[in-house]
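Student: Questions regarding the structure given below will be posed in turn.
Every number here is computed from the coordinates shown, using simple stated rules; none is lab data. Please read these numbers as outputs of a predicted model, since none were measured by experiment. Please note: Cβ atoms are built from the backbone with ideal geometry, for glycine as well, and neighbour counts cover all protein chains shown.
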Amino acid sequence: MSQYESARAAFADWGVETETAIERLKDIAISVHCWQGDDVVGFEAKSGASGGGIQATGNYPGRARTPDELRADLDFAFSRIPGRHRLNLHAMYMDTDESPDRDAIEYRHFTPWVDWARDSGLGLDFNPTFFAHAKADDNLTLAHPDAGIRDFWIEHGRRTREIAARMGAELGSPCVNNIWVPDGMKDHPIDRMAARQRLQSSLDAILADPQDRANMLDAVESKLFGIGVEAFTVGSHEFYLGYATRRGTLLCLDMGHFHPTENIADKLSSVALSVDEILLHVSRPMRWDSDHVILQSDDILAMAQELVACDLLGRTHIGLDFFDATISRTAAWVIGTRNMQKALLRALLLPMDTLKGAENALDFSRRFMLTEELKDLPYGAVWAEFCARMEVPVGQALIADLDRYQDSVAGRG
């Protein structure tokens, strides 16, 4: 008997069909973020602007310096990630010989990405870039007191929605366009309301023109604090929860954007009662929004289990948001994405009806015993079978592949 057949029998003893879990996992697309590959640098002509609270640390060899290099790295990464997925692209990653400012970008500046995605069988998601620009150096964009600066960023936001809608139409898959702004203040403000009213009005202006949801989905993303905005973030969780509820947008929950003691998995069932769809940015914060590559940690496993237990997979768009320049960037993509998939598989392999039955009967002793014994089941054998069917390596073969590719790009300056 093979390891998988043995594992299949072990799960069957608990009333779990591994084939069903494998088939469900095949259909879950994860939006892999482009900015891990080049340390959030982008491909614009730079003008000495600050990072707007975004910082990658480390100088590991092999950073992608051009769109072609980034796409080559992504090709390799996707070839080692089982299943069919998506790419999350930021507006500063345009591929063009022109140098348009953010308020002048057009779809044609991104057509090489769309052509590549179509050829690769990938979906695309998109993000306006409200940081790393001279007009964001005050850490205020859509909430800036200067109407001219607000208008500049409003136009940028409008154009990204148009670009995202065209991307979705061209690829036949809705493009999630996620709005995150770094707006806030380093020290305590006097008038929080005024800043939030400006942000709300700016968002309303960006979203004024309707787009077909078959092509584009709007999302808004909160944050607790960041570099330079330690005392006050205009777009707080409460602000965006209310806004998404009123305007019918997706609500983005980024695992690094909350207090370290908050359980992000716990928020899913709450916000799902108020918004139709959720966007996740999965990362691993350490003490602050440091965006480490995700592990098979308790937080990630809890997130996946909540998605399955609450039947939210059909209403949730799973994206990743980490960047680490101290390790191989392609290895970070591959291992991080696969860890998200492993967490989902473990959740799909739980006997949810049995667990919920014990809980509904208030038999917490039985719930406790079940959850602990289930941790010993051979999840790894099911994962290996899934990867074999998807024709991607595991274990030492995967590590050897990752090492070989890193060696091939290590000479990049």
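Student: What shape does the stretch 164-299 have by the C-alpha gyration tensor, where a ≥ b ≥ c are the square roots of the eigenvalues, rounded means a/c under 1.5, and otherwise prolate means a/b greater than b/c and oblate the rest?
Tutor: Working: a/c = 1.82, a/b = 1.18, b/c = 1.55.
Taking the square roots of the gyration eigenvalues as a ≥ b ≥ c, the stretch 164-299 is oblate.
Student: Right, another one. Under 29 Å Cα to Cα from Lys223, which lysines show up? Leave out anything in the same chain fewer than 8 places away.
Tutor: Hits, sequence-local ones excluded: Lys46, Lys135, Lys186, Lys267, Lys342.
Student: Ranked by Cβ crowding within 10 angstrom, fewest neighbours first, how are Met185, Met369 ordered? Spell out each step's value before the answer.
Tutor: On the way: Met185 20, Met369 12.
The most exposed by this proxy come first: Met369, Met185.
Student: Now, a different point. The stretch 322-399: which GluC sites (Glu not before Pro) are DSSP loop and have at most 13 other beta-carbon atoms within 10 angstrom?
Tutor: Here the GluC sites (Glu not before Pro) that fit, given the DSSP loop and packing criteria, are Glu391.
Student: Next up: Can you give the relative contact order of the chain as a percent, counting alpha carbon pairs under 8 Å and 6+ residues apart?
Tutor: It rounds to 21 percent for the chain.
Student: Restricting to bridges with both residues inside the stretch 28-348, how much of the DSSP beta-bridge set is antiparallel, in percent to the nearest 5?
Tutor: Around 10 percent of the beta bridges assigned by DSSP in the stretch 28-348 are antiparallel ones.
Student: Under 1.5 on a/c is rounded, so check that first for the stretch 28-348, then, if it is not, pick prolate when a/b is larger than b/c and oblate when it is not; a ≥ b ≥ c are the square roots of the alpha carbon gyration tensor eigenvalues.
Tutor: The shape class here is rounded.
Student: Another question, then. Place a +1 charge on the Cβ of each Lys and Arg in the chain and a -1 charge on the Cβ of each Asp and Glu, then give the dipole magnitude about the Cα centre in debye, rounded to the nearest 20.
Tutor: My answer is approximately 100 debye.
Student: Scan the stretch 259-321 for trypsin sites (Lys or Arg not before Pro) in coil per DSSP, keeping those whose Cβ has at most 14 other Cβ atoms within 10 Å, and list them by number.
Tutor: Sites meeting the loop and neighbour criteria: Arg287.
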